[in-house]
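J.: Below is a structure I'd like to ask you about.
Bear in mind these aren't lab numbers, they're just calculated from the coordinates by the rules spelled out. Worth saying up front: this structure is predicted, and the values here are computed from it rather than measured. Here the Cβ is made from the backbone with ideal geometry for all residues, glycine too, and neighbour counts use every protein chain on show.
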């Protein structure tokens, strides 16, 4: 990984260091308050061996650094060099450092201009100076409530593309950190973060907008001579202490077949780079990969998912589904009439979160003839099996926009029926059982209650996927009225 990639805890330490430095001097600049050169006997870090650490790495003694200077920057010790010794290397910049600490047993260097690693702090949102990378960096007020970190440019007024040196700080051109045509070529900080750490990088503004982040993906340290977890340092066994061109952890490596264990078994400088099938075997309905020293399910075949995370069972859950993907592509279910005894249709399936299925069904009210006829119309759609109570139904009538104010959403059971009589209000009895074309006493008018319904089924957000299918039942004329 590049020397610009460091873990976030280093940035936090620098921010705290900035607070201490600001408390001890007015501006942290030449000509400010007195700089008391006091050796605080900082003993952080480990002995990396003579002259092995490049610029920007954490150090504990100056003799460890190729530059022969282990500099106290805030409360952090970094390999550095003075700006007067020559231009700072790529990915470094020159900044004023009010040195307060030094390695144990060494004198505190004088305050001055030193080469510091570019940790991508420009345009980082901030509330005050303490939020910025180094003590010399300031939190700039761009107006309209926008505050971002600048960068020290006092030494030679040099700033990256898209920035200009004003008041000793690199300010974004046009006072904006957006990717606009005037700032093509400008960079901003970005990061990749996981359980192993945070790697910092940059994004560059081009004519199409911001490009991809340059930060590496943090991982645990392996024997490769790289700062895999982006903490700014290398384990001692990844250094070349005897300067023979081979890092220490590789010198006694005996090649064996590569296995998935986070070790470089075949001694080629890369861990776990063998064939995935050779290292991990196969998995039903999917493939296996080696990740961080562990064999895991990589991808599943279409229509399958992995629920238990076990390689031996693979992608064990088959997503059996029915229904259409959208309302306009709804599956047409056989029309249901309210004939004596009724009619039933059943559908089932397993849906992942964010998926939905649609059904189109006609509920038909057959003609009711004769005096005292009973309208058997009772359309019902319900989840007769609802694993974990995670599935819900939305009901639309006639078309995808819906035209029935009584059609509900987020339910598990919907009923529309006329197979009853309710005389709780004698002046306006309800129901059509009995009914007649010419209603007599104790009868209502027989009407046609036929209707088209569109049914949407989906899983509620945030619910766990199970491999048990739902069962959706459509009926007409089967159930008694629920009154």
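J.: What spacing in nm lies between the two simple spin-label points modelled at residue 448 and residue 430, each 7 Å away from Cα in the Cβ direction?
T.: For residue 448 paired with residue 430, the spin-label model returns 2.4 nm.
J.: Over the chain, what is the relative contact order in whole percent, taking alpha-carbon pairs under 8 Å and six or more residues apart?
T.: Across the chain, relative contact order equals 10 percent.
J.: In the calculated pair distance distribution of segment 331-476, what percentage of Cα-Cα distances lie above 27 Å?
T.: That tail contains 31 percent of the Cα-Cα pairs.
J.: Fully extended, how many nm does the chain gain between residue 325 and residue 464 (0.36 nm per residue separation, minus their Cα-Cα distance)?
T.: 47.9 nm
J.: What ratio of Cα Rg to 2.2 N^0.38 Å holds for the chain?
T.: That ratio works out to 1.56.
J.: Running Debye on segment 256-318 with equal point scatterers at the Cα sites and no solvent, what base-10 log of I(q)/I(0) appears at q = 0.17, 0.21, 0.22 Å⁻¹?
T.: Those come out to -0.55, -0.73, -0.77, one per q.
J.: Run a plain Debye calculation on segment 59-99 (Cα atoms as equal point scatterers, no solvent) and give log10 I(q)/I(0) at q = 0.16, 0.33, 0.34 Å⁻¹, rounded to two decimals, same order as the q list.
T.: Debye curve over Cα of segment 59-99, log10 I(q)/I(0) at q = 0.16, 0.33, 0.34 Å⁻¹: -0.39, -1.23, -1.23.
J.: Among DSSP bridges having both ends in the chain, what percentage is antiparallel? Round to the nearest 5.
T.: 90 percent
J.: As an exercise, use a Förster radius of 25 Å and the Cβ-Cβ distance of residue 400 and residue 301 to find the FRET efficiency, rounded to the nearest 0.05.
T.: 0.20
J.: Also, quick follow-up: If the label point is 7 Å along Cα→Cβ of residue 206, which residues in segment 171-187 have backbone nitrogen under 17 Å from it?
T.: 179-187, by backbone N distance to the label point.
J.: In degrees from 0 to 90, rounded to the nearest 10, what is the angle of the helix 8-24 Cα long axis to the longest principal axis of the chain?
T.: Long axis of 8-24 versus the principal axis of the chain: about 60 degrees.
J.: How large is the helix-only mean residue ellipticity at 222 nm for the chain, computed as the sum of -39500 (n - 2.57) over DSSP H runs with n ≥ 4, divided by its residue count, in deg cm²/dmol to the nearest 500?
T.: Result for the chain, helices only: -1500 deg cm²/dmol.
J.: Also: Calculate, in nm to one decimal, what residue 294 and residue 308 gain on full extension: separation in residues at 0.36 nm each, minus their alpha carbon distance.
T.: Additional length available on full extension: 3.5 nm.
J.: With just the Cα atoms defining each centre, how far is segment 141-199 from segment 324-380? Give it in Å.
T.: Measuring centre to centre over Cα atoms gives 62 Å.
J.: Can you check how the C-alpha radius of gyration of segment 238-361 compares to 2.2 N^0.38 Å, as a plain ratio?
T.: 1.89
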